[in-house]
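Participant: Structure below; questions to follow.
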Amino acid sequence: IFNYIKKYLILGRNMKYYFNWSKNINQDELNIAIDVLKNNGLILVPTETVYGIAANACSDEACMKIFKAKSRAQDNPLIIHVSDKEMINFAAEKPTDVEQKLIDAFMPGPFTLILKKKNVICDVASCNMETIGVRMPSNKIIHELIKQSNIPIAAPSANISGKPSGTKISDIKQELSDKMDVIIDGGECKIGIESTVVKVNDDGIPEILRPGYITENDIKNVIGNVKLSDKLFKKVSKNEKVESPGMKYRHYAPSTECVLVKFDDEQVKKVNQIISNNKDVCVLGFEEDFDKININKEKFINMGSKNNLEEISHNLFSSLRKIDTMNVRLAIIEGVKKENLGLSIMNRLVRAASNNVM
């Protein structure tokens, strides 16, 4: 009886299974998850970047459930996750030489490549476009789910669209548990921000559509040239099609109004003036700058050290989610330099602040 309850613990009204694989994968439970996947169900599953909502990428019915669960716009394509290079060839047309170099260098890992899709990937997943983003995750749990099911998986970040992505079950269980057929707890995600999305243009130069853990310099070291999309920090018009998630809509945003600042001496004065005039404020910042800000400790959310971008990346979405627990009218967010991983962090923070930058 104990093992039965442990395996099939009901966490939500409609959810069927909860599996804890933070220490090891249970093969019997994995077989259940595979069966759910093959029957067009939804699975909350960890990756090395963030948690994802997984479904069969070949099924319009299954992928439509993702859009409904997330309240996601119908023109915001899903990234397709594969287990190996053979599955890339199953889902997409043959890569060019430059694309193959990127695949060899960065897959498996937190890297997504835009490729021309084959018809086996459903139109709902691609939002009726001719391309798809393909990724080969390094996280063992989702890797085994894909490999043993032999199904490419559509898996956008596990959150209600617009909200910060989820990097641990406790952050997202309440908003998603009644919409899932299976929840797999794999512990806290290692990286904390979504994958880098790249498209190789007709001139053979890779373009970063969404920055992530794989940086501009990483790609330069492999290809020798790379460019950044001019939309990384701009609002995209409603009628414009985008090939990557995270480009068009309000993303990563708490419900609380946010403003993004750079903590130089002049702006610290402005921040302290805002705080002195309005006590209904919290600050999302770095441990080195706490003493510069005239705010109570309980209203300061520490993202880590400004000298450790990987720590900030790991803590970013959990920190953004804490803002709405503060019950304040305004959150002041400290920014970083737009260099290397800092570019990816700032991309998320600018969108979290809805482009409200001081």
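The values are calculated or read from the model by the stated rules, or taken from the named source; none is laboratory data. Please read these numbers as outputs of a predicted model, since none were measured by experiment. Cβ atoms come from the backbone with ideal geometry, glycine included; neighbour counts cover every protein chain shown. For accessibility, only protein heavy atoms count, side chains too; no ligands or nucleic acids. Shrake-Rupley method; radii C 1.70, N 1.55, O 1.52, S 1.80 Å.
Participant: Identify, from the list Pro110, Pro137, the residue that is in contact with a His (Cβ under 6 Å, 6 or more places away or on another chain), open to solvent by less than 20 Å² (accessible area, probe 1.4 Å) and either within 24 Å of Val182 (Cβ to Cβ) or modelled with pLDDT under 95 (or both). First the steps, then the outcome.
Facilitator: Working: Pro110 fails: in contact with a His (Cβ under 6 Å, 6 or more places away or on another chain).
The conditions single out Pro137.
Participant: Now for a different question. Which of the residues that make up segment 152-173 are among the hydrophobic types (A, V, I, L, M, F, W, C) and surrounded by fewer than 24 Cβ atoms within 10 Å (Cβ to Cβ)? Quick ask: steps written out before the conclusion?
Facilitator: Taking segment 152-173 as the starting set, the residues that turn out to be among the hydrophobic types (A, V, I, L, M, F, W, C) are 153-155, 158, 160, 169, 172.
Passing the criteria: Ile160, Ile169.
Participant: Of the conditions (1) closer than 21 Å to Lys94 by Cβ; (2) of a type in the set (Val, Ile, Thr); (3) not in a helix (DSSP H, G or I), Ile184 clears all except one; give me its number.
Facilitator: Every condition holds for Ile184 apart from (1).
Rundown of residues vs (1) over 16 Å from Asn356 (Cβ atoms); (2) in contact (Cβ under 8 Å) with a residue 60 or more places away in the chain; (3) of a type outside the set (Phe, Trp, Tyr), yes/no style:
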residue	(1), (2), (3)
Glu257	no, yes, yes
Lys270	no, yes, yes
Lys292	yes, no, yes
Asn302	yes, no, yes
Ser318	yes, yes, yes
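Participant: Somewhere in segment 205-227, is a residue in a helix (DSSP H, G or I), open to solvent by 20 Å² or more (accessible area, probe 1.4 Å), under 30 Å from Val283 (Cβ atoms) and at pLDDT 80 or above? Explain how you work it out, then say what you get.
Facilitator: Filtering segment 205-227 down to residues in a helix (DSSP H, G or I) leaves 216-223.
Those left that are additionally open to solvent by 20 Å² or more (accessible area, probe 1.4 Å): 216-218, 220-223.
Narrowing the set further to residues that are under 30 Å from Val283 (Cβ atoms) leaves 216.
Within this subset, residues satisfying the condition of being at pLDDT 80 or above are 216.
Checked segment 205-227: at least one residue is in a helix (DSSP H, G or I), open to solvent by 20 Å² or more (accessible area, probe 1.4 Å), under 30 Å from Val283 (Cβ atoms) and at pLDDT 80 or above.
Participant: I want to confirm something. Restricting to segment 319-353 and keeping residues that are open to solvent by 10 Å² or more (accessible area, probe 1.4 Å) and of a type in the set (S, T, N, Q), which single residue is farthest from Gly285 (Cα to Cα)?
Facilitator: The selected residue is Asn340.
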